[in-house]
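Trainee: Structure in structure tokens, see below.
The values are calculated or read from the model by the stated rules, or taken from the named source; none is laboratory data. If you're wondering where the values come from, they're calculated on a predicted model, not measured in any experiment. Cβ sites come from the backbone with ideal geometry, for glycine too, and all protein chains shown count toward neighbours. What goes into the accessible areas is simple: the full protein's heavy atoms, side chains included, and nothing from ligands, DNA or RNA. Shrake-Rupley method; radii C 1.70, N 1.55, O 1.52, S 1.80 Å.
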Amino acid sequence: MTMATASLHLYGSSALLGHLKNARLPLLHGSNQLSPYLETGHKRVLSQAPITEHEINQELRRQFEALPGHISALLSFEDFTKQSEKLMPSIEAGIKARRQQSKPGSNQYSTERFHKVSYLRLFNSALSHYGWQCLADQFSGICVELEANHDVFQSNDERLALLKAVQYGATHDFNVNGHNPIPGFFLDNPENALREEWRAAFLFAEPQPVLKIQARIVKRIYLSVNAEESLVEDCQRLVRQDLRYRHAELSFVVPDEQQWRLRVNIDQ
């Protein structure tokens, strides 16, 4: 997805339509979908934890900065790293020693930070089997196409907003900084990479149950084969009669007749 003409898709049960009628989106809370990968500090994990590239780079930097001044003045960090193979025994020893000295929780994600986050799970496509099956109540709910460049996804005086693509199988980084304000939150298992998920995180003064939106953020509403006729009629009424959504279109996601996949039908 390129952010220039970007769309992101929110899946939900039929209750999502009720939220749209009130110009809002339901927000999620907690970190259950990240389990068990938050438990990196568990003693059974730490006892056999392999040394990571991140730890090696940190130890290289620490050892370089500990060099006497007359040596470091003649040796760049890049030249120092070229000797990493020769230095590996001392690097590994340093990492293990620092692990023993680390404070409890220093190699763990802060679940307290997650509890302060209200968020949306979004997807690149309206044809996500996972989205329809697991998030849209076995193909009976709806999918809403949203304008990803809308101000709703920008920070303002009321809350901080972060919209990022999920990284799959990325290296653990527990440090909070400008590029990593909620460590672990935008990560997932590589097995799920085909989902192409994004997450929009919002940090309010207090966690909020819903996100207020402007109707123009909604570009299209999708239904699928298990939607009850009453839901279909409600969606048709929304886009044809509610002035806030008259610009939006309605489509149906159905099984493809030729291949084992989903496709889109445009409602005429």
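Trainee: Among residues belonging to the range 226-242 that are open to solvent by less than 80 Å² (accessible area, probe 1.4 Å) and part of a loop (DSSP other than H, G, I, E, B), point out the one that is farthest from GLN133 (Cα to Cα). First the steps, then the outcome.
Mentor: In the first step, residues of the range 226-242 are kept if they are open to solvent by less than 80 Å² (accessible area, probe 1.4 Å); the result is 227, 230-232, 234-236, 238-239, 242.
If we keep only those that are part of a loop (DSSP other than H, G, I, E, B) as well, we get 227, 242.
Values: ALA227: 12, ASP242: 28 Å.
Ranking the candidates gives ASP242 first.
Trainee: Further question on the same structure: Among the numbered criteria (1) touching a residue at least 12 places away in the same chain (Cβ under 8 Å); (2) part of a helix (DSSP H, G or I); (3) within 22 Å of the chain's Cα centre (by Cα), which single criterion is violated by ALA200?
Mentor: Going through (1) touching a residue at least 12 places away in the same chain (Cβ under 8 Å); (2) part of a helix (DSSP H, G or I); (3) within 22 Å of the chain's Cα centre (by Cα) one by one, ALA200 breaks only (2).
Trainee: Quick check, is SER90 out of contact with any Leu (no Cβ under 8 Å at 6 or more places or on another chain), without any contact (Cβ under 8 Å) to a residue 24 or more places away in the chain and small (Gly, Ala, Ser)? Give the steps one after another, and end with the answer.
Mentor: On the way: out of contact with any Leu (no Cβ under 8 Å at 6 or more places or on another chain): yes; without any contact (Cβ under 8 Å) to a residue 24 or more places away in the chain: no; small (Gly, Ala, Ser): yes.
No.
Trainee: Looking at GLU191, is it more than 30 Å from THR81 (Cβ to Cβ) and surrounded by fewer than 17 Cβ atoms within 10 Å (Cβ to Cβ)?
Mentor: Working: more than 30 Å from THR81 (Cβ to Cβ): yes; surrounded by fewer than 17 Cβ atoms within 10 Å (Cβ to Cβ): yes.
Spelling it out, GLU191 is indeed more than 30 Å from THR81 (Cβ to Cβ) and surrounded by fewer than 17 Cβ atoms within 10 Å (Cβ to Cβ).
Trainee: While we're looking at this one, here's another question. In the range 16-74, how many are under 30 Å from LEU203 (Cα atoms), modelled with pLDDT under 80 and in a helix (DSSP H, G or I)?
Mentor: 2
Trainee: For the range 243-268, what are the residues that are in a strand (DSSP E or B), open to solvent by 10 Å² or more (accessible area, probe 1.4 Å) and within 23 Å of ALA200 (Cβ to Cβ)?
Mentor: If the condition is that a residue be in a strand (DSSP E or B), open to solvent by 10 Å² or more (accessible area, probe 1.4 Å) and within 23 Å of ALA200 (Cβ to Cβ), then GLU249 is the only one that fits.
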